[in-house]
C-alpha cells in the first residue's frame, strides 16, 4: 500500500504546457490561475458525481496541462450550465464558461466521449440554427436520436406522441430567411464572425 | 410610474411555438389584461442557447447580438428598448451576450463588426428583461393586486425558478433564495410554500438522455410534493418540460406513486385575472391543475 504522502509519479512529458494558456487567453481566463482548489464548485455541482472528474479536478488538470484527459472526459458534456459553480466560486472563476471552452475544443479536436448524446445534440442544434436561424425541437431530437441510438427514439415515443396530440410539436415551424443578402441577414453576420475569428 | 406606460419588445424564443406553447399562450393575454404593451420582435433568431455556445462562442454571441440590434433598429425612437424574454435560456443568452459585448472590448469588437456587415448596430440601448422583473419592478405588486378578479385561495404552489433566470448575470432577484415569483403568487392569493429546491438544476437539455438526469427531476418533484405543494410553478419552458413530461418514467424508476401538475406562473396569473384556463394553454398540460373548492 502506498503511504498518503507518497505522490504518484507524474509523467511530465505527457503534460502540454500550452494547454492552460489556451483557456486563460479568454477575456475571463486569467482568473483560472487563481483557483485555490477549495472544491466549492464540485460540492455545489448537482451532477459532479457522474462526471469523470469534478470541476475542481478539471481546473487542476487544465493548469497541469493534461490536454488529452481533459478533452476526452465527459465532464464538460455532463455540465448542464446551471451556473451554480460560477456563482459559488470565491475566486470568481467563470467555471461554466471554462466548460464551454472545453466543449468547443473537444468538438474541434474530435475528442468527444463516445456514448454521450450531448456533443451530437450540440452539433445538430448548431446545424439547424445555421440553416434556419431558429431551433426546431422536433428536428433536433429526431436528428440527435438518429445519429446516436435509434432505440432511444422508441423510449421517448410515448412523450412525443402526447406532445404531438397537445400541439406542442412544432413540425411546421419554418425559421427565418437566411442568405437574403439584405440588411440584417443572419448568414452575413455569422460568416463575418468566422472572418473576424481567424 | 414609468413602467406602465412603457412599451416592451417581446422575444418569443424557439420553444414558444413548440413544447413551451403554454408559456406564450399565457404570457401574452396576461400582459394584455394588465395593460402592458408588448410588441413582438420581427425576424428574431435563436438566442444561441446552451447547445450552440458549446460549438462556437463568437457565433453564439452574434446570434444574441442580432436580436438586440434588431430591437434597436425596429424601435429607433426609444431611449431604451426593453426586450422581454420569458424563456430562461433566452433570457440568459441575450443577457450574457450583452454583458460580454459591453465589457469585453475584444468580443465587443468582433460582434459589432459582424453586425455591421449586415448594416446593423448595437449601441447598448437594448435591455434584457424577464417577465418577473417587469411585473415586480416596473408594474408593481400593488397594481397587480387590484387586477386580481379570482384569488386562488387555498392553492399551495412550489415556486420553481430553475437556474438561468437567477444565475449569474441577472440582477432582479437573489440567486440563492429568490422571491419575485413567490411575491407574484402571494398577490394572486396562492400560498407559495417554503421548499428547498427553488433554484436547483432540472438537468436542462439532457434530462431525456439518461437516468442520473431523471434523478435531478425526481429530487425536485418529491420535495415539492413533500413540502405540501399542489402544483409547481415554473418560469422556463425547459424546466416545465422536464418536470412535467418525465413523471411517468420517474414513477416507474423510483417506485414513486405521486403526481403533481407543473404549470407556468403566468398560467396561474391568468386564472387569477379571470381568463379561461383553455385560453392560457392549460389544455396542453400532461397533468391538469385542479383548483381547490375555495377558489
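The values are calculated or read from the model by the stated rules, or taken from the named source; none is laboratory data. Every value quoted in this text rests on a predicted model; they were computed, and no experiment measured them. Methodologically, a virtual Cβ is constructed for each residue, glycine included, from the backbone with ideal geometry; neighbour enumeration extends over all protein chains shown.
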For this session: Tell me, yes or no, whether the stretch A:143-156 has at least one residue that is within 7 Å of chain B (Cβ to nearest Cβ), in a helix (DSSP H, G or I) and buried (at least 23 other Cβ atoms within 10 Å of the Cβ).
Result: no
Exercise. Just to be sure, is residue A:26 modelled with pLDDT under 95, surrounded by 18 or more Cβ atoms within 10 Å (Cβ to Cβ) and either within 28 Å of residue B:107 (Cβ to Cβ) or not assigned by TED's automatic domain parsing to the domain that holds residue A:122 (or both)?
Worked result: yes
Exercise. From A:188, A:183, which residue is surrounded by 13 or more Cβ atoms within 10 Å (Cβ to Cβ), facing another protein chain (nearest Cβ under 8 Å), closer than 26 Å to residue B:117 by Cα and without any contact (Cβ under 8 Å) to a residue 12 or more places away in the chain?
Worked result: A:188
Exercise. Condition test on residue B:153, is it in the same structural domain as residue B:190 (by TED's automatic domain parsing), surrounded by fewer than 20 Cβ atoms within 10 Å (Cβ to Cβ) and either under 30 Å from residue B:293 (Cβ atoms) or touching a residue at least 24 places away in the same chain (Cβ under 8 Å) (or both)?
Worked result: yes
Exercise. Here are some residues: B:216, B:285, B:243, B:221. Which one is touching a helix residue (DSSP H, G or I) at 6+ places or on another chain (Cβ under 9 Å), in contact (Cβ under 8 Å) with a residue 12 or more places away in the chain and within 13 Å of residue B:23 (Cα to Cα)?
Worked result: B:285
Exercise. What single numbered condition from (1) within 12 Å of chain A (Cβ to nearest Cβ); (2) not in a helix (DSSP H, G or I) fails to hold for residue B:114?
Worked result: (2)
Exercise. If you go through the stretch B:224-232 one residue at a time, do you hit one that is in contact with a helix residue (DSSP H, G or I) (Cβ under 8 Å, 6 or more places away or on another chain), in a helix (DSSP H, G or I) and either away from chain A (no Cβ under 11 Å) or over 19 Å from residue B:92 (Cβ atoms) (or both)?
Worked result: no
For this session: Keeping to the stretch A:78-116, report how many residues are closer than 15 Å to residue B:206 by Cβ and either assigned to a loop (DSSP other than H, G, I, E, B) or not assigned by TED's automatic domain parsing to the domain that holds residue A:60 (or both).
Result: 8
Seminar exercise, completed: Checked B:56, B:73 against criteria (at pLDDT below 95 and either within 13 Å of residue B:122 (Cα to Cα) or out of contact with any strand residue (DSSP E or B) (no Cβ under 6 Å at 6 or more places or on another chain) (or both)); the one match is B:56
Exercise. Is the stretch B:253-273 home to any residue that is surrounded by fewer than 24 Cβ atoms within 10 Å (Cβ to Cβ) and within 13 Å of chain A (Cβ to nearest Cβ)?
Worked result: yes
